[in-house]
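Below is one structure, written out as structure tokens; comments come after it.
The values are calculated or read from the model by the stated rules, or taken from the named source; none is laboratory data. Treat the numbers as computed from the prediction; the structure is a model and nothing was measured. Reconstructed Cβ throughout: ideal geometry from the backbone, glycine too, with neighbour counts over all protein chains shown. Only protein heavy atoms, including side chains, enter the accessible area calculation; ligands, DNA and RNA are left aside. Shrake-Rupley method; radii C 1.70, N 1.55, O 1.52, S 1.80 Å.
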Amino acid sequence: QVQLVESGGGLVQPGGSLRLSCAASGSIFSIYTMGWYRQAPGKQRESVALITRGGSTNYADSVKDRFTISRDNAKTTVFLQMNSLKPEDTAVYYCNADVRRPTTLRTVNYWGKGTQVTVSS
């Protein structure tokens, strides 16, 4: 009923850049906080960057000054610009969103299926 579809992952050399996108679709009244999480092999999923509907942002210390999160004007697509990528950024990146449903007006949390980012020479 609500889908989050990520795109933009891939293989990049250390120091390179990638731009991830996540588009939300389906039965949506509005979307509040959207964010990116990542999970590396053998590690727990961690928060990378969050952005509220009003545009406030929050970043993990490990990506500050390298990654930038943003949203489109319709507030249904979130982007993650990743610069100066390091091998330790290698992970599956997941999109997350708090979606207010139009019928119940309840806020439900959704996850995308993830996109692989590999940083390697």
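Give me the number: length gained by fully extending residue 107 to residue 84, i.e. 0.36 nm times residue separation minus the C-alpha to C-alpha distance, one decimal in nm.
Taking 0.36 nm per residue and subtracting the Cα distance, the gain is 4.8 nm.
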Inset, instruction - Give me the accessible area of residue 61, 1.4 Å probe, in Å² rounded to the nearest 10. - result: 130 Å²
Inset, instruction - Assuming R0 = 30 Å, can you tell me the calculated FRET efficiency for the pair residue 98 and residue 17, based on Cβ-Cβ distance, to the nearest 0.05? - result: 0.60
Legend entry - residue 84 - accessible surface, heavy atoms, 1.4 Å probe, Å² rounded to 10: 60 Å²
Inset, instruction - Kindly report, to the nearest 10 Å², the accessible surface of residue 71 as traced by a 1.4 Å probe over protein heavy atoms only. - result: 30 Å²
Legend entry - Phi-based couplings in Hz for the range 27-41 (Karplus 6.51, -1.76, 1.60; Gly and Pro marked x): 7, 10, 8, 7, 10, 8, 5, 10, x, 10, 10, 9, 9, 8, x
Legend entry - Rounded to whole Å, sorted largest first: equivalent-ellipsoid semi-axes of the chain, Cα gyration tensor: 26, 14, 12
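For the range 1-55, what is one quarter of the convex hull surface built on the Cα atoms, given in nm²?
Hull-based average projected area comes out at 5.3 nm².
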Inset, instruction - Could you do me a favour and compute the accessible area per residue for the chain, 1.4 Å probe, result in Å²? - result: 53 Å²
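In whole percent, how big is the carbon plus sulfur part of the accessible area of the chain, probe 1.4 Å, protein atoms only? List each step's numbers first, then the result.
Working: 3010 of 6440 Å².
Using a 1.4 Å probe with all protein chains present, the chain comes out at 47 percent carbon and sulfur.
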Legend entry - Heavy-atom accessible area ranking, 1.4 Å probe, most first, across 67, 79, 29: 29, 79, 67
